[in-house]
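Bear in mind that the values in this text are calculations on the coordinates, not laboratory data. No experiment lies behind these values; they were computed from the predicted model shown. For neighbour counting, all protein chains shown are included, and Cβ atoms are generated from backbone atoms with ideal geometry for every residue, glycine included.
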Amino acid sequence: MIRIAVLLFAASLLMAEEAPTRPTARVSVGTFTDNYSDSTGTWKGWTLNGAWFRDDQGPWSFSAVGTQRPEGKGTLFTVAKDHAFGESSWVYASLGTGTGADFVPTFRGNIDLSLGLSGPWSMGLETAWNRFRDGSTTTLLQAGPAWLGEDWSASARVQQLRYQPGRDAETGCLADLRWGTHNLRRWHSLRIGWGRGVIDALQPSGTSYTSTTYSGGGRGNGAGTGITGTTATTVAQTSYPSYKEFLVSTSSHIPITSRLAIRGDLAWGQRETQFKVWSGSLQAIVSF
């Protein structure tokens, strides 16, 4: 399936063209797979996303992500809102709930805030909180600067993941570089993460990806996010020792016609002395 997805994505690059400035709505469907080199096995699933551009401040959006693991199946449902304010600031907020297997949170809340500073500079602050059926919780905290140019953007954040009960907090660093500052048009991004907790938090598809800034340094100067990678589900609950990790991932959004676009995500990660993971996802996005 991954080879077919890569071929389709490569073909889309040859046919790419720009999308309109702001649609009324966007809907995407997709699939993902995460392959681990140890007994974790393979995780796979599907994604359904929708966004409604009611005004110029940013869209309302919804998502459903179904995940199948060796230990069961689960689905996470999320409702979110982007809101731009001032000249260069925005906030993203979401609420979610899951059904099915225990690895899906029964409640998930997320707030991602970008505050414009001077010129192209801004400061990003984010928190996300998951609660599971057994009473355990995970909390994500991120903070760091971002720079937004005419065609390029970049950001860097320090991230901490806190697990309750019975697991120490894990701290890592994230760096993003992106070409294309309008989220509804063509863009490509590269992310590198290192430290502890970056694999659990930053897989790009429907499994453990927590950060809402996956698309690169800031949400761009377009009409909100459209369909992004913010449909994530959980942070993995398995209790690992605190090993150093490294993750590199890339994302591309390619308009094919004025109404159809393709988004692809690829990631590779390694936990010291433990395992490696390959992740990939592909989404087809239709604008109305």
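Under 20 Å Cα-Cα from Lys276, which lysines qualify once same-chain neighbours fewer than 8 residues away are excluded?
Leaving aside lysines fewer than 8 places away in the same chain, those within reach of Lys276 are Lys44, Lys244.
Tell me, what ³J(HN,Hα) does each residue in region 113-130 have, in order and in whole Hz, if you take phi through Karplus 6.51 cos²θ - 1.76 cosθ + 1.60 with θ = phi - 60° and put x for Gly and Pro?
10, 10, 10, x, 10, 10, x, x, 8, 8, 10, x, 9, 9, 9, 9, 9, 10
Using θ = phi - 60° and the Karplus curve 6.51 cos²θ - 1.76 cosθ + 1.60, what whole-Hz ³J(HN,Hα) does each residue of region 274-281 get, with Gly and Pro shown as x?
Working through the residues one at a time gives 10, 7, 10, 9, 10, 10, x, 8 Hz.
Skipping prolines and chain starts, which residues have an amide H placed within reach, meaning under 5 Å, of the one on Ile256, given they are 5 or more residues away or on another chain?
Those qualifying (amide H under 5 Å, at least 5 residues apart or on another chain) are Glu17, Ala261, Ile262.
Identify all aspartates and glutamates with a Cα-Cα distance to Lys73 below 16 Å; exclude those on the same chain that are fewer than 8 residues away in sequence.
Excluding near neighbours in sequence, the set is Asp34, Asp102.
How high is the FRET efficiency from Ser136 to Val27, r the C-beta distance, R0 45 Å, rounded to 0.05?
Values: r = 34 Å, r/R0 = 0.75.
The pair Ser136/Val27 has a calculated efficiency of 0.85.
Hey, can you grab everything whose amide H is under 5 Å from the amide H of Arg196? Only 5+ residues off in sequence or another chain; H modelled, so Pro and N-termini drop out.
Thr171, Gly172, Cys173, Glu245
For Glu126, Glu71, Glu87, what's the fewest-to-most ordering of other Cβ within 10 Å of each Cβ?
Least to most surrounded, the residues fall as Glu87, Glu71, Glu126.
What residues have an amide H closer than 5 Å to that of Ser37, excluding those fewer than 5 places away on the same chain, when H is modeled at 1.01 Å from N in the peptide plane?
Correct list: Lys276.
With Cβ to Cβ distances under 14 Å as the rule, what net charge do the other residues near Pro105 carry (K, R +1; D, E -1)? List each step's numbers first, then the result.
Details: positive: Arg108, Arg131, Arg133; negative: Asp102, Asp134, Asp200.
Residues close to Pro105 contribute a combined charge of 0.
Can you compute 3J(HN,Hα) from phi for each residue in region 161-177, using the Karplus curve 6.51 cos²θ - 1.76 cosθ + 1.60 with θ = phi - 60°, rounded to whole Hz and x for Gly and Pro?
Along region 161-177, the couplings run 10, 10, 10, 9, x, x, 8, 5, 5, 10, 10, x, 10, 10, 9, 10, 9 Hz.
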